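Reviewing the structure listed below.
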Amino acid sequence: MNFNLTRAANLDALQQRTSAKWRFFDPDVIPAWIAEMDYPLAPAIAETLHAAVDRSDTGYRWLGELPEALADFAADTWGWQVDPAQVIVLPDVLTCIAQAIAHFSRPRDAVVINTPVYPPFFSTVRDITQRTLVEVPLLRTELGGYDYDVASMEQAFARTDVSVYLLCSPHNPTGSVPSRETLEAIADAAKRHGVSVIADEIHAPLTHPGVPHTPFLSIAPAGLSAISLISASKAWNIAGLKCAQLVAADEEILTKLQASIPLEVTYGTGHFGVLASIAAYRDSVPWLDEVRTLIAGNSALLREMLTLQLPEVSFAPPSASYLAWLDFGAYDLGDDPAAYFVERAKVGLSPGPGFGDLGVGCARLNFGTSPQILAEIVERLAMSINGEPN
């Protein structure tokens, strides 16, 4: 099946969109920052939303068969058996994180994260939940990729103030996918030290072809306090519809979370988000498979173009999603290369320093677009540094 995903991915058509990606920068800037893809909606999702509008079905959310749809998708995709009764539906993953941290910890406790990491992790932990952060940086591998420093994480878990570990798997921004063995070691360490695990797995449906994803709860030992956070928002490009799913490791955790999460928070979930998520999990996997193939091809293309035009950029191709973590340190563009590029190249990237101290000199690039637009993005970046195309 061919969904012709790049048919609408040209700049003239995309600039008609009014989402954050296309309105944050001036019109002459190609936006490659926030995690929105440029592809048309999966047909089943578009049909579901059109049908809802036709029947004026725009009220408050009703969960319907969403927990069952997620469970079927998880079983078919990862072999993970999810009990639909242990699924809580909330507006988005960050809401899930904030509610879970408030439940699993006390106000002066600390939360462990792996940097560089998605910037809202910092603000959610510090500003919303009023907890402190313990940063355990990722390790660079011999092949130039990224992995989790389990030994340093165990040391962090042993701290008396640490009560929660916020896992990002697959990891944002590096796109690394931890192995089953790594996750088992992390889970064992967390259980030994009484640390609760919140696993943000929002990018899991976007692993590249041939790359396995291990759901954290599928390997979590009995007795470990843990939850998993899933959403169709990134994989099917429906973030604005507001719907995420929290899966509890057991009935005890579920019951306590249900008692602690205010009812009005659950009703912040969008009705369109529920409808679209069901259509995604039930009827839009072939579309997703085509997206995964396309973004894997774009990742390879990006590496090839960088090698030719910006050979000093450090880039480890991701194993999941459509985000590239680029280190421009060799080009001496300052702490925030994104600021340089939006001015000189008219390309909008995500500023690296927002991902933590390891983001100095770096930027995140969204390559969830057409190969043609990606080529223009890299050419603009290169010309701003080299002065002429290669």
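From the list Gly145, Gly175, pick out the single residue that is modelled with pLDDT under 95 and within 21 Å of the chain's Cα centre (by Cα).
Gly145
Would you be able to tell me the number of residues in region 314-347 that are in contact (Cβ under 8 Å) with a residue 40 or more places away in the chain, surrounded by 17 or more Cβ atoms within 10 Å (Cβ to Cβ), part of a strand (DSSP E or B) and not aliphatic (A, V, I, L, M)?
1
Which number in (1) over 17 Å from Ala199 (Cβ atoms); (2) under 22 Å from the mean Cα position of the chain (by Cα) marks the one condition that Ala158 misses?
Status for Ala158: all satisfied but (2).
Please tell me if Ala296 is in a helix (DSSP H, G or I), among the small types (Gly, Ala, Ser), touching a helix residue (DSSP H, G or I) at 6+ places or on another chain (Cβ under 7 Å) and at pLDDT 95 or above.
No.
Being assigned to a helix (DSSP H, G or I) and open to solvent by less than 10 Å² (accessible area, probe 1.4 Å) is the filter; apply it to region 26-52 and report the residue that is farthest from Leu326 (Cα to Cα).
In this case the residue turns out to be Ala52.
If I ask for residues that are open to solvent by 50 Å² or more (accessible area, probe 1.4 Å), within 16 Å of Val164 (Cα to Cα) and not small (Gly, Ala, Ser), which ones from region 68-119 would you list?
Leu94, His103, Arg106, Pro107, Arg108, listed by residue number.
Being surrounded by 19 or more Cβ atoms within 10 Å (Cβ to Cβ), of a type in the set (Phe, Trp, Tyr) and either at pLDDT 95 or above or over 22 Å from Glu251 (Cβ atoms) (or both): is that true of Phe122 here?
Criteria not met by Phe122.
Going by the conditions given, is Ser163 in contact with an Asp or Glu (Cβ under 6 Å, 6 or more places away or on another chain), under 18 Å from Ala187 (Cα atoms) and at pLDDT 95 or above?
yes
Give me the pairs, please: first residue somewhere in region 29-48 and under 19 Å from Val347 (Cα atoms), second residue anywhere and assigned to a helix (DSSP H, G or I) and aromatic (Phe, Trp, Tyr), beta-carbon distance under 8 Å, and either six or more positions apart or on two chains.
Pro31/Trp22
Does region 119-135 include one or more residues that are in a loop (DSSP other than H, G, I, E, B) and under 19 Å from Leu358 (Cα atoms)?
Yes: region 119-135 contains one or more residues that are in a loop (DSSP other than H, G, I, E, B) and under 19 Å from Leu358 (Cα atoms).
Kindly evaluate Leu288 against the criterion of being within 21 Å of the chain's Cα centre (by Cα), surrounded by fewer than 21 Cβ atoms within 10 Å (Cβ to Cβ) and at pLDDT 95 or above.
Spelling it out, Leu288 is indeed within 21 Å of the chain's Cα centre (by Cα), surrounded by fewer than 21 Cβ atoms within 10 Å (Cβ to Cβ) and at pLDDT 95 or above.
Pick from Arg55, Arg61, Arg7: which is open to solvent by 40 Å² or more (accessible area, probe 1.4 Å), over 26 Å from Pro212 (Cβ atoms) and at pLDDT 95 or above?
Of the residues listed, the single one that is open to solvent by 40 Å² or more (accessible area, probe 1.4 Å), over 26 Å from Pro212 (Cβ atoms) and at pLDDT 95 or above is Arg55.
Are there strands (runs of 3 or more DSSP E) fully within region 143-262 with at least 2 residues that are under 30 Å from Tyr60 (Cα atoms) and free of Cβ contacts under 8 Å to residues at least 60 places away in the same chain? List them.
It comes to 226-230.
Considering only region 352-370, I want to know if a residue exists there that is on the phi < 0 side of the Ramachandran plot, in contact with a helix residue (DSSP H, G or I) (Cβ under 7 Å, 6 or more places away or on another chain) and among the hydroxyl-bearing types (Ser, Thr, Tyr).
Among the residues of region 352-370, not one is on the phi < 0 side of the Ramachandran plot, in contact with a helix residue (DSSP H, G or I) (Cβ under 7 Å, 6 or more places away or on another chain) and among the hydroxyl-bearing types (Ser, Thr, Tyr), which makes the answer no.
The values are calculated or read from the model by the stated rules, or taken from the named source; none is laboratory data. Because the structure is a prediction, the values reported are computed rather than measured. Here the Cβ is made from the backbone with ideal geometry for all residues, glycine too, and neighbour counts use every protein chain on show. Calculation scope for accessible area: heavy atoms of the full protein, side chains included, ligands and nucleic acids excluded. Shrake-Rupley method; radii C 1.70, N 1.55, O 1.52, S 1.80 Å.
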